[in-house]
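Only one structure is covered here, and it is reproduced in the block below.
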Amino acid sequence: MRIIYFDTYTWYMAQVTIYLPADILELARNCANERHLSLSAWVNGLIRDATVTDWPREFLDVVEFGGGDLEEPDDPLPEQVEPLS
């Protein structure tokens, strides 16, 4: 006999109203539809991509905007090793 348990989760979502010009709304809906997402899920993904990162901000500035300075790490020459017999 196999027993399957289902947990109940309660998710709270805030409602947000945004105002977009009709042409921008149409573009957003098309992008969401191409990805088989609801408009809300598509916007949610955009916000997550724009705000969640594991990369340092300095690195992202260089990649995104081509500016900023990164420190070059030490890169010593490899040590001499004995060849395998």
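The values are calculated or read from the model by the stated rules, or taken from the named source; none is laboratory data. Everything quoted here is computed from the prediction, not taken from an experiment. Every residue, glycine among them, receives a Cβ derived from its backbone with ideal geometry; neighbour counts consider all protein chains shown.
Among residues of segment 8-26 being among the hydrophobic types (A, V, I, L, M, F, W, C) and loosely packed, with under 12 Cβ neighbours inside 10 Å, the one that is farthest from residue 73 (Cα to Cα) is 22. For segment 34-84, the set of residues classified as among the aliphatic types (A, V, I, L, M) and at pLDDT below 80 consists of 52, 60, 62, 63, 70, listed by residue number.
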